[in-house]
Structure formats: C-alpha cells, structure tokens
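Notes to accompany the following structure.
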Amino acid sequence: MTESSAAFVRRDMLPPQAPPATQAGVLKWLRENLFSSPLNAVLTLAGAYVVWWLVAHSYPWLSHSVWNAGSLSECRAIIAERWGADATGACWAVIKERWHQYIFGFYPPELYWRPISVFLLLFVALAPVLFSAVPRVLLVFTVVYPFLATWLLWGGSPWIEVMILVGFVLGWAAFRIASRYGSLLAVSVALAVPALWWVFAAGPMDRALEQAIRLAIEKVASDKFGGFLLAVTIGVGGIAMSLPLGILLALGRRSDMFLIKALSVGFIEFIRGVPLITLLFVASLLLNYFLPPGTNFDIILRVEILVTLFAAAYIAEVVRGGLAALPRGQYEAADSLGLDYWKAQRLIILPQALKISIPGIVSTFIGMFKDTTLVVFVGLFDPLKGISDFVRADFNWKGIYWEPYIFVGCIFFLFNFSMSRYSMYLENKLKRDHR
Amino acid sequence: MTDPHFDRAIDRSQMQVFDEVAIQISAMNKWYGTFHVLRDINLTVNRGERIVIAGPSGSGKSTLIRCINRLEEHQSGKIVVDGTELTSDLKNIDKVRSEVGMVFQHFNLFPHLTILENLTLAPIWVRKVPKREAEETAMYYLEKVKIPEQALKYPGQLSGGQQQRVAIARSLCMKPRIMLFDEPTSALDPEMIKEVLDTMIELAEEGMTMLCVTHEMGFAQAVANRVIFMDQGQIVEQNNPHDFFNNPQSDRTKLFLSQILGH
C-alpha cells in the first residue's frame, strides 16, 4: 500500500481554459429544439400543420389582391375575371379610396397639414422625454406642445391656450417663491394663484389680446374628428396625463395620512371596479347633469378626462407594486441622510420603483390606446368600428369586411409594437445589476 | 485577548476630557405594538466618545440606535441629539438626521446611482452645496476609504466591503457630528471585515462621536471608550472595555462573553 497523506499544497494556480467545443450542426439543433422527445416531436408536427393550414388558406386571398376599383362589386368582377369564378381575393381598393377617413375622420382635407404637423411635432416633444441623449433645452417645447397641439387641432384663437399655459407658469413661479416659507403654504399658493388667474384675469386678457393681435385660424369642431386622429389624440393625452396622476395615487395609497390614503384607495377601487364603457357613458350623458346649465364642454375633452382617470387607477396599482418591491433599506437610507419625503421619493424611490414598473406601465398604456376604440359607443368615430361602419354605409363598399379591419389592426400593431420595443430598450438602458 | 485585526489600536493613554454632551437619552421607552422593546433607557454620550453596544440578538440594540435618528419612534422619555429634542416635529427630525450619519448592515446604497452620485446626492439636495464642491468632497472621502477609482461605477459592481466603505463615505460627505453604525460588518465575508473596521478605526482616531452596534469584540477592545451590554431591551451593564471584558459584573454579561469568546 502506498502511503497516503491528507496534506496537499498547490504551488501553481490553474489558469482558466476554453470550454470543450460543442458539437454544432443543423441536425443537433433540430434534435435538441424540435424532436427532443416523442411528445415534442408530435407537438412540432402539429404546429407545423397549423402554420401550413393558415398560410394555405390566407395566401390565395392575399395574392389575389385588387388595388384599383371603384366598388366592391367591381373588385369581385376583376377577381373572377383574373383568377376564375370561384377565386377569393382581397379588395384593398377600399383602403386606397378611403384611407384618409381612417386617418383623419371628417377633418377638412384642406386642413390636413394641421394634424400632420401636430403628429410630427409630437416626436420632437417626445424626444427629450424618451431619449436622454437629446438636449434638455427641448423640454421647453415639450411643455408648450400640448397647448400648441390643442390650438392647431381645434383651431380658433390661440390666446385661450396661451392664457391657460400662463396660469400654469404663474402657479409654478408662485410655488418656487412660496416654498421658501414652508411647503404647505407653497402648495396652497401654487393652487390658488392659477385658479384666480383663470377665473378672473384669463377671460378679459384673452379678449383684449384677440382684439390687439388676431391669430385665429379656422375652427374645427370635435365631431369632425375621427379615425386614428381621434384615437391618437385621446391616447396620447391619456398617457401623458395618467402617468403623473397614477404615480400620485400610488403614493397616496401608501401614505400614512388616513384621509389621503382613504381617498386614493376609494378612487382606485371604484374606477377599477367599473367597466370603461360605463365611464364613457358618464362622460357623454351624466356629466352634463352635474355642470351648470348651458355649459357645453367638449365631448372629446370629457372622454379624455375619463379615459385618463381610468388609466390612472391601473397605473397607480402597477406603480404601487414597484414601490412595494423596493427594500425598506432604501427608504431608511434616504431618511437617514435627511432627505424630506418629496426629495426621497423623487431622487431615490420613484426612479427605482418606476424602473421596476416599466413593463406594467407600458402594458396599461397599450391597453388604454386600444380601448380608445370604445368611444364609438358615445357617438365618436373610432377607426375600428365608427369609420368602418361609415365606409360600409356607402353603397359601393357595402359588404366589405376583412380589409378595413386588417388595415386598422396593422396600424394599431405598429403603434403598440413601437411602445413595447421602447419599453424593452428602456429596461435595458436602466439595467444596473451588471456584475 | 489578542486580535490580529487590531495591530493599530487607538492610544488611549492620554484620555481626552469629554465635557460636551452629544446625545442625552433619559427614561426612554419603546413598544412594538404590545411588545416592550426598549425599557427605561438612560444614556449620555459625550462628544468624541466611542461607544460599542453589544448584546444577544433581539436585545433592542439596533432599535436603540435607530431611535437616535428617529428611524424608529419612541413612545415615552426624552432623546436630545446635539441640543435638538426629537419629537414628531419634522423640522427637528430632518435637522438631527442631517447631523447624524448612519451606516447599515446591508449598506443600503442607491443602486440606480453611481458611487459618486450616491455620495453627492444628500450634500447637493439637503445641504445645497454646489455640485462641483460636493464632488470634490466626495472624492476626498473616497480617497479616505481608499476606493477613489470606483467613483463612476454602480454599487452592484463593487464587493461587499467596498460597498460598506462607500456607505461610510456617503455618511461622511454630510459632515456629520455623530456616526451610528448598525452591525456594519455582519453581512460581510470574513476577508472584507478588516477593511471596513480599519476605516472605522481611522474615523475614531479623528475624534468622531461613534455609536456602534457590533459583534466584533476585538474592535470594541481596541477602539471603544465604553461598552454597553443590552439584554431584553435594557442596559444591563456598561463599563470601560478593559473592565467589561476582564471583570464583568452581571451573570448575564458573563454568560454572553463566555459564549462569544469561548471558542
């Protein structure tokens, strides 16, 4: 027997070595990913059959596309003539003829430049918010944009929008000045100053300015809005307003102050417990009962407000999840450094909580954008049903079915897929746990 | 008892005279619900004193130091820190918190900010120090804890010991007059404990008022002016480290010391 000893001393540390080369090749990939077990093989074959079936049925229809025709019957005649009497085919001619109604609704065609520039400027306004590489100065335009867009879309005198904007600026300035003397005072002043401005000063100022400098452009009423113009107006407005409101509600729900907490919980649970359509009916019918007689405030604005409240309740719950996921230590560290509540929230808690909540927030936004099609129930022309029904009411296009839905579906997909991709980009960019 | 960590223990031969009171706690009680966590605590900490608080887990030692910057609220008695009494007045609380630094067991660095941003955040937003100046101060303290080269990394990229040193530097950037340590080395690998303790010893040498909850008895022997032993929410014994370790008075203290030093 050899002498054994437990003592061992390593003189040289082993250098790392390359891993063994894996056997590459198509066959290996197939075996590992598609046919690794009998069950997997069956599932693979069944899946392949479903894909083949879908393609086999939709391909003839798509390949028999007709782009130039004046009516559905003309389309059918062309298809029958080219591919035989039994052939089916897609009649895209309806999109070619009516695409502008899907995009702009009944907006006057000579004024299309207005929604188009509003849409293009939207990207300028979004750029500094979405991408940190864009110069911060552009944020000024982001603040001005909602007012500019409202003026361009609805027309009329720009001074009303300017007066509203001035009210916000005054409120902000009052807050900055008053915050030296205490936060409660600052908040009350920041609410009182703009309110007083709007009630007493804004009207006369607006009329005086309108007399002095005439900048009014042609008015376009809300019932002229439709299609994606309407969906994007409500969607973007709702997204922009529901995020801050949702964050405040989430903070309110976690607040130590009983009244604020109770109000937040009540609001969130009420809104989430009611279908959106109910709220839209409230917007179109009930809201007028609560307003002084004779006031007629815009249906799009009313819908916008209720869509915002609806989305905010969902955002609040998503953000609350993010807040709850943060370790207590983060709050304690912020406290122990002497940061007050708002500074701690803004600098430490929310940046992390919102990062965790990105997928949920974007899901809510996507859901809300698709839900804008529900405005058809309060008499607005959404792209999916409102405009499609209108197009089908034309004798020429009576009976057309799939093509408008596919077209509208593709555009919705484009918007929503971009949002989803952006959220993935953002998650990646904010990833900090790299080791 | 000798401990290889503490080859450079503080020279206590020329005892300083502590005549200024930094923290005064009198007849303080705290309950969690119906559970009486802290019972009739009376403690005076003089400026420049280094106090180690020891005791079994659940004895209330962490809760005690967390009451000093009001991360925990006490229900009766009085806590005066640097002449400011801690009440529910938010202004006083923020004032005390900006004067008292705290280091946590789990570091609690802000993971979404770089090391440099972690260090400059509170000076900029609480003390209103200009950004440049705050960054200079931050770099000074990072040099001091010997990791200036990590300034632009994120906390997740640093080792535990490095993170804890950053946490100490973050507190120091607020120029606190008192430092609280809540088991600063308990979450660290043995190899990293020394680097954190070295930083703390350096701080002690400069005359910082320190309250430290720790199980590092070697540190207590080398650095503390006073060791406080707590059990069941009460201060059971306090003494200078020499007498505390060599001549403990109460049976509970003797048992505790035999258990942690007896291997």
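The values are calculated or read from the model by the stated rules, or taken from the named source; none is laboratory data. Here the structure is a predicted model, which means the values were calculated and not measured. Cβ sites come from the backbone with ideal geometry, for glycine too, and all protein chains shown count toward neighbours. When the accessible area is computed, the model is the full protein with side chains, heavy atoms only, and any ligands, DNA or RNA have been set aside. Shrake-Rupley method; radii C 1.70, N 1.55, O 1.52, S 1.80 Å.
Observations
- Contact order for chain B, expressed relative to its length and based on alpha carbon pairs under 8 Å spaced 6+ residues apart, stands at 26 percent.
- Exercise: per-residue mean of other protein chain Cβ atoms within 10 Å, B:91-99: 3
- Relative contact order, percent, segment A:134-213 [alpha-carbon distance under 8 Å, six or more residues apart]: 28
- Length gained on full extension, A:Glu218 to A:Arg272: 15.5 nm, using 0.36 nm per residue less the C-alpha separation.
- Computed across the protein assembly as shown, the Kirkwood hydrodynamic radius from all distinct Cα-Cα pairs reaches 31.6 Å.
- One compactness figure for segment A:78-189 is 1.82, namely its Cα radius of gyration divided by 2.2 N^0.38 Å.
- R0 of 56 Å, Cβ-Cβ distance B:Gln238-A:Phe168: FRET efficiency to nearest 0.05: 0.40
- Extension gain, A:Phe35-A:Val137: 0.36 nm per intervening residue step, less the Cα-Cα distance, totals 31.0 nm.
- Spin-label model distance (nm) - B:Leu90 vs B:Ser159, 7 Å beyond Cα toward Cβ: 4.2
- Percent carbon-and-sulfur accessible area, chain A, ignoring ligands, DNA and RNA, probe 1.4 Å: 70
- Under 5 Å from the amide H of B:Gly55 lie the amide H atoms of B:Met230, each residue being 5 or more positions distant or on a separate chain, with H modelled from the backbone and absent for Pro and chain starts.
- For segment A:372-379, Karplus couplings with θ = phi - 60° (6.51, -1.76, 1.60), whole Hz, Gly/Pro x: 4, 5, 5, 5, 4, 6, 10, x
- Choice from A:Pro16, A:Pro135, A:Pro359 showing the highest fluctuation, given a GNM over chain A with Cα pairs closer than 10 Å: A:Pro16
- Peptides ranked, highest mean first, by Cβ atoms within 10 Å: ranges A:344-350, A:417-423, A:394-400: A:344-350, A:394-400, A:417-423
- Antiparallel content of DSSP bridges confined to segment B:21-261, in %, to 5: 55
- Ranked by solvent-accessible area (1.4 Å probe, protein heavy atoms only, all chains present), the residues B:Val37, A:Val137 order from largest to smallest as A:Val137, B:Val37.
- Taking all protein chains as shown and a probe of 1.4 angstrom, A:Tyr405 keeps an accessible surface of around 70 Å².
- Calculated accessible area for segment A:223-380 comes out at 44 Å² per residue, all protein chains present (probe 1.4 Å; ligands, DNA, RNA ignored).
- Gained length - A:Val55 relative to A:Trp342, 0.36 nm times residue gap less alpha-carbon distance: 97.7 nm
- Cβ-Cβ FRET estimate between B:Asn246 and B:Glu206, R0 fixed at 30 Å, reported to 0.05: 0.60
- Listed peptides B:165-172, A:302-309 by packing density, highest first (mean Cβ within 10 Å): B:165-172, A:302-309
- The relative contact order of segment A:223-380 comes to 35 percent, based on Cα pairs under 8 Å that sit 6 or more residues apart.
- Sulfur and carbon atoms: percent of accessible area, chain B [1.4 Å]: 49
- Compactness of segment A:223-380, expressed as Rg and Dmax over alpha-carbon positions, Å: 17.7, 57
- The figure for B:Tyr140 is an accessible area of roughly 130 square angstrom, using a 1.4 Å probe on the protein chains alone.
- Considering only the protein assembly as shown, percent of DSSP beta bridges that pair antiparallel, nearest 5: 50
- When the trypsin sites (Lys or Arg not before Pro) in segment A:48-145 are filtered for DSSP coil states and for at most 16 other beta-carbon atoms within 10 Å of their beta-carbon, no site remains.
- Karplus (6.51, -1.76, 1.60) ³J(HN,Hα), θ = phi - 60°, over segment B:71-82, in Hz, Gly and Pro reported as x: 5, 10, 9, 9, 9, 8, x, 9, 10, 10, 10, 6
- Residue among A:Asn288, A:Ile305, A:Ser255 farthest towards the positive dipole end of segment A:223-380, charges placed on Cβ: A:Ser255
- For segment B:48-59, 3J(HN,Hα) computed residue by residue from phi via the Karplus equation (6.51, -1.76, 1.60; θ = phi - 60°) reads x, 6, 10, 10, 9, 10, 10, x, x, 5, x, 8 Hz, glycine and proline entered as x.
- Packing, taken as the mean count of other beta carbons within 10 Å per residue, orders the peptides B:52-59, B:74-81 from highest to lowest as B:52-59, B:74-81.
- Accessible surface for segment B:21-261, divided over its residues, is 39 Å² per residue with a 1.4 Å probe.
- Placing dummy labels 7 Å off each Cα toward the beta-carbon, the span from A:Arg432 to B:Glu133 is 2.6 nm.
- In segment A:395-435, comparing the full protein assembly with the chain on its own, the residues that lose 40 Å² or more of accessible surface at a 1.4 Å probe are A:Arg432, A:His434, A:Arg435.
- Solvent-accessible surface (1.4 angstrom probe) belonging to A:Trp151, in square angstrom, nearest 10: 50
- Neighbouring Cβ atoms from other chains, within 10 Å of the Cβ of residues in B:152-160, number 2 on average.
- Loss of accessible area when B meets A, both sides summed, Å² nearest 100, probe 1.4 Å: 2100
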